[in-house]
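Worksheet for the structure shown next.
The values are calculated or read from the model by the stated rules, or taken from the named source; none is laboratory data. Predicted model, so just to flag it, every value in this text is computed and none were measured. Every residue, glycine as well, gets a Cβ built from its backbone with ideal geometry; the counts of neighbours run over all protein chains shown. In case anyone asks, the SASA skips ligands and DNA or RNA and just uses the protein heavy atoms, side chains included. Shrake-Rupley method; radii C 1.70, N 1.55, O 1.52, S 1.80 Å.
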Amino acid sequence: MSDLFPAESPSQQPRMLRVKDGLKDGLGRGITYLRVSVTEQCNLACVYCKPRTGNLQRMEAPAMSRNEVVALVKVFTSLGIRKVRLTGGEPLLRRDLETIIAGISPEVEGRVHLTTNGIHLARRARALRDAGLAGVNVSLDAADRKAFERLTLKNGLDKVLAGLEAARGAGLKAKLNTVVLRGWNGDQILPLARLAQREGLQVRFIEFMPYLGNGWDKEQFMPAAEILQTIQEGLGLELEEEPPVGLEEGPARLFRIPGSQGKVGVISTLSADFCDRCNRVRLTSRGEMQACLFGSRPMDLLEPLRNHASHEDLVNLIRQTLIEKLDCHPMRRGDQPKLADGMWQVGG
Ligand code: SAM
């Protein structure tokens, strides 16, 4: 397998890959950020995420035990991963999430974050913080109860808002994420921006991405520029753009709302992607590494781990997968992407 990896020179080829080499993909991009899906299961059925057929049966129970999650994350952190985000599915459906966080947090000096729909956040926020969680991104696509229910098929807005408050009360860094679909929640952009303004929150609006069976079409797609224009016109304010931050802080372009601590951001995954600076890889709840959201072949790390693969073998599998990391979205080249089943499977 080692001949797959270009060595600086044949004589320098290391037997044990050294931490100082860090993780680089085939194009030389440094990889420092790992997103781990801890389960495919979810307690919401968001229209943009689940298969539109409503078939949730394929959402399998997580394959990785908590020890296996921690063991695989440790292989990544030994290679220079500095930040880990736990996601899913809905990560708060795992009762052992705090134990997983406690196992990972020391490996990344506390830089463990969570993406959640917030339904179960209120009662767990303090325990999550005590386990070593640094921050939480709460997905919220509507500020109105009816719109929330139409998008998620659950009446859960109050629980999410309570979860957000509990997270902030526990001292967790909290942000909101909103996926925008014209015709579904375009009318919620302004109410959510007003929530950011009123509460001094950061709300990031995400462009709707295509997955197998999620019903993506051009009519529903709203580009980041239009989202920003809607906010500026609606608030009647000139938003002030912040200087760009590193991708570990997230790919959003951020804007201050004058006269408030609040900020809005846009994540232009399709209209202006950030693939050239991409620093992230993913691990699915089945224990497969995925180098890109779109179009890359998953690499099974769980089976080798269970078969007592050495650290070096696992490192080699990781490096091999990274060589195939794409330079940009297939859509940007006009190609049909090989769509994954959904964010719930890849890990959003
Ligand atoms: N259940 C958790 C939650 O709701 O945040 C974590 C999993 S969810 C799949 C993670 C993120 O993926 C959410 O912010 C969600 O809004 C985003 N997402 C899912 N499908 C998407 C799509 N088609 N386009 C853009 N973002 C999407």
> Using the alpha-carbon atoms, what tilt in degrees (0 to 90, nearest 10) does helix 224-235 show relative to the longest principal axis of the chain?
Replying inline: 30
> Once Rh for the chain is found with the Kirkwood sum over Cα pairs, what is the Stokes-Einstein diffusion coefficient at 20 °C and 1.002 mPa s, in µm²/s?
Replying inline: 103
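Can you pull the percent of region 26-346's accessible area that's carbon plus sulfur, 1.4 Å probe, other chains left in place? The partial results should precede the final answer.
On the way: 6530 of 13430 Å².
Carbon-and-sulfur percentage of accessible area, whole number: 49.
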> How high is the relative contact order of the chain, in percent, counting Cα pairs under 8 Å that sit 6 or more residues apart?
Replying inline: 22
>> Are there any GluC sites (Glu not before Pro) in region 199-278 that are in a DSSP loop and have at most 10 other Cβ atoms within 10 Å? List them by number.
In response: Glu219, Glu238
> Quick one: which of Lys24/Lys175; Lys146/Lys325; Lys83/Lys263; Lys83/Lys146 span more than 32 angstrom between C-alpha atoms?
Replying inline: Lys146/Lys325; Lys83/Lys146
> Counting alpha carbon pairs within less than 8 Å and at least 6 residues apart, what relative contact order, in whole percent, applies to region 192-283?
Replying inline: 37
> Under a Cβ-Cβ limit of 4.7 Å, which cysteines in the chain have nobody to pair with?
Replying inline: Cys42, Cys278, Cys292
> By how many degrees, between 0 and 90 and to the nearest 10, does the Cα long axis of helix 189-199 differ from the longest principal axis of the chain?
Replying inline: 90
>> Let's see if you can work this out: charge +1 on each Lys and Arg Cβ, -1 on each Asp and Glu Cβ, no other charges. What is the dipole magnitude of region 26-346 about its Cα centre, in debye to the nearest 20?
In response: 520
> Label-point separation (nm) for Ser271 and Arg182, each offset 7 Å from Cα along Cα-to-Cβ?
Replying inline: 1.0
> Under a 1.4 Å probe, what is the accessible area of the chain per residue, stated in Å²?
Replying inline: 45
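Just to be sure I understand: of the beta bridges DSSP finds with both ends in region 26-346, what percent are antiparallel, rounded to 5? The partial results should precede the final answer.
Working: 11 of 43 bridges.
The antiparallel proportion sits near 25 percent.
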> Can you give the calculated 222 nm mean residue ellipticity of the chain, where each DSSP H run of n ≥ 4 adds -39,500 (n - 2.57) and the sum is split over every residue, rounded to the nearest 500 deg cm²/dmol?
Replying inline: -7500 deg cm²/dmol
> Taking only Cα atoms, what is the 0 to 90° angle, nearest 10, from helix 66-77's long axis to the longest principal axis of the chain?
Replying inline: 80
> If you find the alpha carbon centre of region 105-158 and of region 172-231, how far apart are they in angstrom?
Replying inline: 17
> Measuring from label point to label point, each 7 Å out along Cα→Cβ, what is the Glu238 to Ser78 span in nm?
Replying inline: 5.5
